[in-house]
Each structure stands twice: as C-alpha cells, then as structure tokens.
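These notes are about the structure you will find just below.
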Amino acid sequence: MAPLRPNWPPPGAKHVIVVGDSGLALRFIKSTTENFGLAVTAVLKPGPGFQRTAIRAAQSRNDLIRVQEAEHIDTETVADAGLKDAYAVVLLAQDDVGNLHLALKIRELSNNLAAREDGHRARLIIRMYNRQLRSRVKHLVGKDDLYIESDADMVAPTYVAAAQLHVPPGKIRLWGRELLVSNRPEGGTEWAIAQGERPHVQILPDEDLANARYLRLLPRSRSPALRRFRKRAGRALRRVLREFRRTVDIKLRLAALALTVILITGIVLLRVYGQNPDQPLTTYDALYIISLAAGGGIDPELRAQPWTRFAHASVTLAGSLLVPVVTGAIVQALVGRKYALATGRIVEPVRRHVIVVGLGNIGTRVVELLRAQGQQVVAIEKDRDVPGVQTARACGAQVLFGDAGSSEVLHEAGVQQCISVVAMAKQDSANLEVALSAISCRPDVHTVLRIYDEEFAELVRQNLNRRFQERRRRRSGPPSRDERFETRRHSSWSAPRVAAAAFAALVTDDQILATIPVRGQMVHIAQIGVEAGSDAVGLTADRLNEPGAYRLVALRRPTIGDNGEVIEPSVKTEHYGDIWYPDREHVIAVGDRLLVLASQAGLAHLERITGSPSD
C-alpha cells in the first residue's frame, strides 16, 4: 500500500473516496477538487493501466488529491482510506457487479460504524451501466443516501438541450418556475451569468457585455394539474395520429377524401333538388338516403329529377368502391410499412425533426428523452442487431439503417428539413465525418457532436463555427448582435467530462440545486438559509450582488405552521412567499431562503455571512 498524506483531509474540506481508474474517474477527481473544493482520496491498484498514471500525476499538482494503492480493493482498503469520516464514497469502476458487491460491503460497514459512533454514514454513489439492474438495486442496498447513475443518463440531457437549440443544461425547474440558459438577451427577468470567450471568461459580470450568457426566468405556466393533463392528452393524441399516419398512407387518404366529397355532394344535391312538395326533405333525410345508397340498398327512381338520379348513381358507385379501396389501401400500407421496417427505411417523411446517429447507450437515451418531450426523431444506425434499435422504435422514433457519413442516407433521413444532426457514435472520427457530411448537404445545419477529449471537442466546435461565420460573412457581411447567436451552429461535448461534472454534483451539499457549465467554468444555483445572528440579517438585497462572486436571484419568506414550526416547501414547488428579482432595498430577515447564482468562492463567502456566529 502506498504511503498516505499526513493530516488528511485538509481542514475545512469535505472528504470523498473514489474507487476506479477510468477516464471518468480522472475527470471526476479534477472536477470535485477544482470546482467544488472537495478533498479526494483515489483508491487504485498499483502499476500502470487505464488512467492510473494520470491520477498519480494529478496528486503531485493538487494538494486536495491523494492516492491510496492496494493490490486488492475491498472494504478494508476503503476503511483505511477514511470511510469513518468520509462525506461520500464514489464507485466508478467499469464493472457493474464489482461495484455492487463493494457497495453492499461498504454499506454494511458504514452502518456498523454509524451505529457505534455518531450516526454519520457516508453518501454512496455508484456508476452502473445496466438500466434494469440499476432500477432494482436500491431495494438491495437501501435508498437512503444512495445514488445509482449511468454515464448515459448523466450525459444525455446535455446533448438533448443542444439538439433542440438550447444552451445546456436547458430548462431548469426550481421553486415552481422554469429557468432557461440563453446566449442572447430577450428582455424581461434575466441575469447575466458570464461574458467573453476562453480564456478570458468573466463569471457573473456587472455589466451587459459582448458574448454574454444569460439565465432567463420563463413566464409562469398554467396550473400544474392542467399542464399535466394537457401534456398527457397531447401525447395520447400524437400517438393516435402517428399510428394513423403509419397505417393509412397518402393514397388511401386521397381516395377517402374523394369518396367523402362525393358523399357530401350527394347530400347537398338531394337536399336542394330532391324536394317533394308533399313531403319536404330535411338534411337528416338526405343523410339517411345517402347512407342507404352508399351501401347499395336503395331502389332506383326513374321519375326523379336529373340531379337526384345523378346523386343516387354517383353515391352508389362511391359506396361500392369504398370497401375495396379502403381494404386495398390498408393492406398496401401495412405491407409497405412492414417492408420499410424490415429493410430499415423511412416509414413516413417528417419535418422539424432531430436526426440522431448511433444507437449505443448514450444515443438511445438521447432518443428516449427527445421522444418524451414530443420531438420527432429519425435515428440512423449501421448495426441492425443493437438493442437500441428496438428501444428507439418502441418510443416512436423512425430508424434508418445505413452509414450516416453518406449524403444519400442523410438526404433520406431528411437533413434538409431537420432541426439538428446529433452524432452519438463511439468513435470521434465517425462523429466528425457525420458532421462534415451533413454540412456538405446543408451548410446551415445545426450539428451536435460527441467527442471524447474535451480539448479536441473545443477545437472542433470553434473551427466549425468559425467556418460557418466566414461563409456567412462573405454572403451578407458581419452579423448583428441579435444574429450572433445564429452563427453558433455547431456544438461538441466531451461525454466523460459532462458525466464527471454530473457525478460531481451528486457529492456536493444539498444546497447546490443546479450547476451551469460556462465555457470551462462553473456557476452554481444554490439555496441558502439565513440563520439568526448572521451578518446577512438586516442587509438589503443589493448587498448580495457581488460581480464575479454571487448574485441574488430570488427570495423565499418562511411560513409558520399551526404548530409553530417552520414549513419547508420543496425546491421544486412554488410558494406564495417567493419573491423573484427582489427590490434593491428589500431587507433580508432571519429564516429567509436565498436563491443565488454563485461561483465556488462566492458560495463559500455566502455560507459564512448567512451562517450563525457559532458555526
């Protein structure tokens, strides 16, 4: 076992134990230490392999990292790493069964330690690929202080937001309201969270400067119950319409429309020209006669007026043709749909859809999230046997078999009418090929790329957007400020880095409600309580706005119940005591809950001025 650093962890730093030597483990360690100031013990096996060398090198450059090596990693190894006082244990090995086995033993040991001493039990975070196993593991390990996540679930929301032309992480729901990160001001209630480009990025700027990014408060939606009802009804209606369009092709629709027009014309003719002075004909009578004629059950009337006889004849012929036309069209549609599904062709042309290339774990999850939001999706996959094909079809996406690097396949997928092309293949070269092929088919297409290395992802994004800006400038000159966002057509994200940031957020304090990645830096959305005797009591709202450190977004007044206790509303629900964008002269009181945008250093300062003096 390698020697450990003395006096660990450093004073005031929470301690996290990480087991694993993957690329995700390396990025997780860097994210937790650099963005959240946590002390990390990395438990590794000796010798070279995976990212062990890079993790050991990180220890020499960062005092918040230490490495513990053991030939066999078990609960004794984790206990020696400091399980007794650890805030969290994170299992990031690429082995679901191995992670679960170690988690069960750690939870048992942690429970025994908690029972013998102060009741502290470390938070347990497990990386697990198998989704079905993941959904049932909590019944085995226990639900308290347990988080079981996969890379795909952590990463997919970022790609989904980018695919729908939103700035990741997309919509954030807090205190019953929705917040959206945007690259341009829209007016209304919004806060500038960053400005500038790398490496000169200023967090929480004091002024509205160029290349700024904003957090916007969206207008209040209708009641949650009505919204849920409308969402479910709309989803059911879209499902019925989708199945109708899949079963009934355009030929059947035209035939049915023509026959319907004939029937309606017959009703009008009988109503106008088929009148008998002794027995006036009503609209319902005309409908009755037409129904009999359509079914072939009406006797001819040789003495009737010409228009009446024409109506009888045309409707009878239409009725006799209706059944074979409908039957033949349905059979043809079903056979054509089955053939399209079997050969991997597009069943029905779509518009305003998202093209997702690659149905691996992340690509499949992206398709599922897009479909859950009602977005039309066309997925392209080379391998017919991957499990993601059936999953994508089950959630309503169309699947096209072929090489997405081919312009013919992209044209068949509807690249000219799509919202964006999302390249989710495992190989960076394949994703880059898809993006370049899509741009050659349609120069103004939006692309979203999955790239492994974050530096390469940044370079790809910058160069693709620069080329688009140059082409646009040659055509129409420099873009205006409102058009500048439209020049950012391409985005690329490192999946391990996004996953690492998401896993790192799980080990932070519960007061951090969301984290916004901003051009290599992090801005936290946090909820902080104002305690009695703290320095924040009596301050005005404008004193809680410090450029580069923190900014007050909203304030929640405490509510006292009938029993005299303070009622704590959920962070997801709205409360009548919420004040968004409080007035500058608003006075902070004991018990207030502050919703703030803050850097890591700014958050630490707010914790000091809002905490009780005894802390």
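At a glance:
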| quantity | calculated |
| --- | --- |
| The range 376-397: number of residues that are out of contact with any helix residue (DSSP H, G or I) (no Cβ under 8 Å at 6 or more places or on another chain) and either more than 20 Å from residue 428 (Cα to Cα) or assigned to a strand (DSSP E or B) (or both) | 7 |
| Any hit, the range 131-150, residues being β-branched (Val, Ile, Thr) and either modelled with pLDDT under 85 or in a loop (DSSP other than H, G, I, E, B) (or both) | yes |
| Residue that is over 17 Å from residue 204 (Cα atoms), surrounded by fewer than 17 Cβ atoms within 10 Å (Cβ to Cβ), among the charged types (D, E, K, R) and touching a Gly at 6+ places or on another chain (Cβ under 6 Å), where the choices are 565, 574 | 574 |
| Residue among 25, 88, 93, 70 that alone is more than 27 Å from the chain's Cα centre (by Cα) and of a type in the set (Gly, Ala, Ser) | 70 |
| Filter result for the condition that a residue is loosely packed, with under 13 Cβ neighbours inside 10 Å and either within 24 Å of residue 219 (Cα to Cα) or at pLDDT below 90 (or both), over 614, 599 | 614 |
| In the range 423-455, residue farthest from the chain's Cα centre (by Cα) [restricted to those that are assigned to a helix (DSSP H, G or I) and at pLDDT below 90] | 455 |
| Residues located in the range 49-102, provided they are without any contact (Cβ under 8 Å) to a residue 60 or more places away in the chain, outside any helix (DSSP H, G or I) and open to solvent by less than 10 Å² (accessible area, probe 1.4 Å) | 65 |
| When residues of the range 405-421 are limited to those that are open to solvent by 10 Å² or more (accessible area, probe 1.4 Å) and assigned to a helix (DSSP H, G or I), the one farthest from residue 349 (Cα to Cα) | 407 |
| Where a residue in the range 467-492 is at negative phi and in a helix (DSSP H, G or I) and its partner, wherever it lies, is modelled with pLDDT of 80 or more and of a type in the set (Lys, Arg), with Cβ under 8 Å and at least six apart | 468/489 |
| Filter result for the condition that a residue is within 26 Å of residue 192 (Cβ to Cβ), surrounded by fewer than 20 Cβ atoms within 10 Å (Cβ to Cβ), of a type in the set (Lys, Arg) and at pLDDT 85 or above, over 608, 519, 593, 551 | 608 |
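Every residue, every condition in (1) exposed (fewer than 15 other Cβ atoms within 10 Å of the Cβ); (2) in contact with a His (Cβ under 9 Å, 6 or more places away or on another chain); (3) on the phi > 0 side of the Ramachandran plot; (4) free of Cβ contacts under 8 Å to residues at least 40 places away in the same chain, yes or no:
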{"site": "403", "(1), (2), (3), (4)": "no, no, no, yes"}
{"site": "423", "(1), (2), (3), (4)": "no, no, no, no"}
{"site": "429", "(1), (2), (3), (4)": "yes, no, no, yes"}
{"site": "433", "(1), (2), (3), (4)": "no, no, no, yes"}
{"site": "437", "(1), (2), (3), (4)": "no, no, no, yes"}
{"site": "443", "(1), (2), (3), (4)": "yes, no, no, yes"}
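The values are calculated or read from the model by the stated rules, or taken from the named source; none is laboratory data. Given the structure is predicted, the values throughout are model-derived calculations rather than measurements. Cβ: placed from backbone, ideal geometry, glycine included. Neighbour counts: every protein chain shown. Note: accessible area is taken over every heavy atom of the protein model, side chains too, but ligands, DNA and RNA are not part of it. Shrake-Rupley method; radii C 1.70, N 1.55, O 1.52, S 1.80 Å.
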